[in-house]
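The values are calculated or read from the model by the stated rules, or taken from the named source; none is laboratory data. As the structure is a computational prediction, the values presented were derived from the model and not from experiment. Heads up, the Cβs are rebuilt from the backbone with ideal geometry, glycines too, and the neighbour counts pull from every protein chain shown. These area figures cover heavy atoms from the full protein model, side chains too; ligands, DNA and RNA do not enter into them. Shrake-Rupley method; radii C 1.70, N 1.55, O 1.52, S 1.80 Å.
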Amino acid sequence: MSFATRLVQAVQKTKSVTCVGLDPRKASLPTPIREAVVNDRPDEWAAAYTQFCMEIIDAVAGIVPCVKPQAAFFEQLGPAGMISLGQVVAYAREKDLLVILDGKRNDIGSTATAYADAYLGADSPWQSDSLTVSPYLGRDSIEPFVEVCEKRAAGIFVLVKTSNPGGGLLQNRETDGQTVYARVAELVTEINADRLDSHGFGPIGAVVGATYPEELAELRQAMPHSWILIPGFGAQGGAADDVKAGFLDGGLGAVVNSSRHLIFAHKRPEFADKFGDAKWQDAVRAATEEMNSALNVVGGK
């Protein structure tokens with residue numbers, strides 16, 4: 001079964017379009033987990049990250065379709081962090097959550113193939129269901145990922161219009177009357193065209209930020225066969241109204257990522273008094289249910 005089909009089923013089963021970003025940060029960890037690190041060694045922090053992410057997964061399993069570990073925070077700890085990342089990915093899969101590994105990988109030729117072979121699919125060393133990919137080395141830097149997606153029923157999310165303020169420096173530049181992000185979207189649609197599942201989705205998804213709702217609406221039309229990963233919700237300023245244009249009829253076609261707003265919800269004023277550090281998992285669950293309610297699009301439009 002293709003990644004796109006599995007994502008359809010996961011969204012329909014959970015009635016959720018929320019993607020929980022797993023971005024562990026030392027200073028923001030709940031006090032009990034942070035204080036258990038006594039020697040400030042990478043292996044201790046890695047164990048803390050594993051515990052933190054696994055307990056988030058326990059809190060959200062069954063009420064969201066997917067999680068998105070951010071590789072950078074694990075890589076920051078060196079080899080111990082990479083072991084932690086592997087443990088977190090495996091645990092998410094064990095709990096029937098689809099894994100979007102956020103690594104923004106890209107290269108050409110055999111190097112791109114090596115990245116794809118490393119990360120994509122149940123038969124890969126990392127076993128992630130999908131991977132974020134940068135398109136800025138051109139079509140031949142994406143095609144090796146596509147080939148592995150086809151072999152292993154995996155998916156990728158290509159950076160099209162990112163949520164950061166500086167993204168427009170390149171993405172909004174025009175050549176022959178067309179923006180760079182529009183050309184990338186066109187390429188995504190071209191590659192997906194003969195790879196569609198029974199729901200009309202291909203393995204090539206797109207990243208389009210919640211912070212640019214007008215462009216999101218434009219790109220939803222330009223990429224009718226792509227799942228869209230929408231970052232920027234919550235802490236980055238994106239709201240429910242900003243992401244509605246990313247969905248197709250029935251509430252399919254997009255998942256909305258939130259990281260800090262969910263995983264560190266125990267620090268948010270509206271949750272701090274009720275939950276605090278002692279019940280931080282309950283705060284994660286409550287914040288996730290709140291986001292699910294705000295994005296109640298499954299089964300409607």
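Quick rundown of the values:
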{"quantity": "Degrees separating the helix 213-222 axis from the principal Cα axis of the chain, which is the longest one", "calculated": "50"}
{"quantity": "From the coordinates shown, P(r) over Cα pairs in 10 Å bins from 0, in percent corresponds to which of (i) 7, 29, 36, 22, 6, 0; (ii) 6, 26, 35, 24, 9, 1; (iii) 6, 26, 28, 20, 13, 6, 1, 0", "calculated": "(i)"}
{"quantity": "Taking the range 161-223 and dividing mean pair separation by its residue count, relative contact order in percent (alpha carbons under 8 Å, at least six apart)", "calculated": "38"}
{"quantity": "Accessible surface of the chain, 1.4 Å probe, proportion on carbon and sulfur as whole %", "calculated": "49"}
{"quantity": "Given charges at beta-carbon only (K, R positive; D, E negative), |dipole| of the chain in Debye", "calculated": "400"}
{"quantity": "Acute angle (nearest 10 degrees) that the helix 139-152 long axis makes with the longest principal axis of the chain, alpha-carbon atoms", "calculated": "70"}
{"quantity": "Centroid-to-centroid separation of the range 76-145 and the range 174-224 [C-alpha atoms, Å]", "calculated": "21"}
{"quantity": "Packing-based ranking, highest mean first, of 134-142, 82-90 given that Cβ atoms within 10 Å are counted", "calculated": "82-90, 134-142"}
{"quantity": "Degrees, to the nearest 10: 180-192 long Cα axis against longest axis of the chain", "calculated": "80"}
{"quantity": "Relative contact order (%) - criterion: Cα under 8 Å, at least six apart; region: the range 24-177", "calculated": "16"}
{"quantity": "Solvent exposure of the chain as accessible area per residue, Å², 1.4 Å probe", "calculated": "42"}
{"quantity": "Listed pairs Lys68/Lys244; Lys13/Lys274; Lys13/Lys68 exceeding 28 Å between Cα atoms", "calculated": "Lys13/Lys274"}
{"quantity": "Cβ-placed point charges (K, R +1; D, E -1), dipole of the range 143-284 about Cα centre in debye, nearest 20", "calculated": "520"}
{"quantity": "Overall dimensions of the range 176-227 by Cα: Rg and Dmax, Å", "calculated": "11.1, 35"}
{"quantity": "Under 5 Å, built H, 5+ apart or other chain: amide partners of Val158", "calculated": "Val133, Gly205, Ala206, Val207"}
